[in-house]
Every structure is written in C-alpha cells, then in structure tokens.
Amino acid sequence: MYKHILIPTDGSELSGKAVGHGVGLAKALGARVTAMTVSAPYLFAPPSMVMDTPKEYRTRVAMLTAKYLNAAKDAATKAGVPCDVVHVEHEHPYVAIIDTARARTCDAIVMASHGRRGISAIVLGSETVKVLTHSTTPVVVVRG
C-alpha cells in the first residue's frame, strides 16, 4: 500500500484534520510522511500582506510556515511516524503540491477540502480540486 504520504497544510483547523488523518493512515500502514506548506511569492502575496515590505513578508511567512510545519511534525512524532517537513514558495499551490509529491516520491497525498458546492466552488476554486484534476498520485480527501 502507501509507503510515503504527502500532507499539505495551511494551518487551518480543517487542514489540521487532514494532518491527523494522514498521520493516522501512515501509522496504520507503517508509512512515513512529508508535511508541506506552500506560500505565495511576495509579488503574489494575499491582500492581507500587501502592506508588508518584502523583508517583513518573508519574516511573517517564515513564522507561519514554522508554526504550521511544527504542528504537523509534532502530530507525527506523537504517533511515532517518521516525518519530514518542507516549505515551497510558488504562486500556484496545487502545482507545488504535485511537484513535491513527485520529487519526494510520495505515493499518496492526504489533503483537506471544504466541500463547497455550486457557485461558491466555481468562484472560490479549490486547490484540492486542482490537485485531484492534475495529479497522477492518489489523493485522499478529508472533508470538513
């Protein structure tokens, strides 16, 4: 079955559920995990960070990234699951997720989805849907 599971996290509560699920799956299968987070390059920064200077932005991203990845690493450590962490800067998170799964030879991706339907799903888009659409690696979706 799966030997190496990639778990993308954005630090949200729902993403935390995916971390828990992915770590639990890895423990049950005797697999290892790589937890990852993706941040946007400064030029593609979200509006909430537009007021930051490039240096302030990098500092804030580094702080948030460490927080998200440490939470995932702690969950894996408590479960006795080997865990690597990686931060990728990319303007398209789904591409970074797929590329990381391929580069690290992950044989599964466990990630969260808000389960939006209808017009909100179309308007808001979904990194999970994009990963499902473009990835050849199996994806386990944890719904919120």
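The values are calculated or read from the model by the stated rules, or taken from the named source; none is laboratory data. What you see is a predicted model; the values in this text were computed from it and never measured. Backbone-built Cβ (ideal geometry, glycine too); neighbour counts: all protein chains shown.
Can you tell which of Ile98, Ile7 is over 10 Å from the mean Cα position of the chain (by Cα) and of a type in the set (A, V, I, L, M)?
Ile98
Condition first: without any contact (Cβ under 8 Å) to a residue 40 or more places away in the chain and within 18 Å of Tyr42 (Cβ to Cβ). Now tell me which residues in region 67-94 satisfy that.
Selection gives His92 alone.
Kindly state which strands (runs of 3 or more DSSP E) lie completely within region 1-100 and contain at least 3 residues that are closer than 13 Å to Met111 by Cα and aliphatic (A, V, I, L, M).
4-8, 32-39
In region 7-31, what count of residues is obtained for those that are crowded, with 20+ Cβ neighbours inside 10 Å and farther than 18 Å from Gly80 by Cα?
Within region 7-31, residues that are crowded, with 20+ Cβ neighbours inside 10 Å and farther than 18 Å from Gly80 by Cα number 3.
So which residues in region 101-129 are farther than 19 Å from Ala18 by Cβ, in a helix (DSSP H, G or I) and at pLDDT 95 or above?
Listed by number, the residues that qualify are Arg102, Ala103.
If you go through region 45-66, how many residues are exposed (fewer than 12 other Cβ atoms within 10 Å of the Cβ), of a type in the set (D, E, K, R) and either in contact with a Leu (Cβ under 7 Å, 6 or more places away or on another chain) or under 15 Å from Val88 (Cα atoms) (or both)?
0
Which numbered condition in (1) of a type in the set (Gly, Ala, Ser); (2) farther than 14 Å from Leu6 by Cβ; (3) within 16 Å of the chain's Cα centre (by Cα) is the only one that Ala76 fails?
(2)
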